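The values are calculated or read from the model by the stated rules, or taken from the named source; none is laboratory data. Everything quoted here is computed from the prediction, not taken from an experiment. We place every Cβ from the backbone using ideal geometry, glycine too, and count neighbours over all the protein chains shown.
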Amino acid sequence: MPRKEKKWVVRPRPGPHKKFESIPLLIIARDILKLADTGKEARKIIKAKEILVDGKPRLDQKYPVGLFDVITIPKLKKQYRIVPSKNGLTLIEIPKNESGLKLCRVKGKSMVKNGILQLNLHDGKNILVKEKVKKDPYKTGDSLLIEIPSQKIKKHIKMEKGSTSIIIGGQSMGIVVKIKEIIKTRGRQPNKVICEKKDKEFEAIKNYVFVVGKTKPEIKVVA
């Protein structure tokens, strides 16, 4: 938002993304996409179900839109994705054939009733894996390419050496890299990842490395 133009600003409501890792829907409608001139006009657009987030209309002006969420405006035939950049979270326009796809990171997992595996994703979604497998293939830090809003898993992308990733925190935020090595540390120190970009290497905290594809990003993640 432009500085000093408005006295008050909408704060994101508690939801699938943390307060400082999301953008309120009203700010996206009024200040980023310029769909309205005032907050009142933006609220009317939101209440009229004109804006979809991950394929579903959201009526709350304070709804927190976060990393890799997909925003669709059917009347304008436009679709956008929230991606990391050097300035924080930003919106990029994406092709129509990607409006039904989203990348999610496996944040945790658990066994629920009847021995069904539940995957907990970074955006608050939970997916039940009903297919029985001899060995659980999913690990924390892996990514899933899913359909939205159905949440059907299209592809499982492992966090491993050679995978393509994007940095989602720190000074290198928004840079697409290759994973060269994953380092498990002892004690309270966070695990690290050696990243490679154009023959240059740097170290990043594992939680800041988001896998987006095997040899290249599965979907558009940079402008």
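Observations on the model:
- Unmet criterion (only one of (1) touching a Gly at 6+ places or on another chain (Cβ under 6 Å); (2) at pLDDT below 95) for residue 88: (1)
- Any hit, segment 179-187, residues being in a helix (DSSP H, G or I) and of a type in the set (Ser, Thr, Tyr): no
- Applying the set (1) farther than 30 Å from residue 71 by Cα; (2) of a type in the set (Lys, Arg); (3) surrounded by 13 or more Cβ atoms within 10 Å (Cβ to Cβ) to residue 158 leaves exactly one unmet item: (1).
- Restricting segment 188-223 to residues that are in a strand (DSSP E or B) and aliphatic (A, V, I, L, M) leaves a set whose member that is surrounded by the fewest Cβ atoms within 10 Å (Cβ to Cβ) is 205.
- Residue in segment 179-190 that is hydroxyl-bearing (Ser, Thr, Tyr) and modelled with pLDDT of 95 or more present: no
- Residues being surrounded by fewer than 10 Cβ atoms within 10 Å (Cβ to Cβ) and at pLDDT 95 or above - total across segment 95-116: 2
- Selected residue (only one of 51, 45, 73 is more than 19 Å from the chain's Cα centre (by Cα) and modelled with pLDDT of 95 or more): 45
- Only residues that are of a type outside the set (A, V, I, L, M) and surrounded by 13 or more Cβ atoms within 10 Å (Cβ to Cβ) were counted across segment 117-153, and they come to 15.
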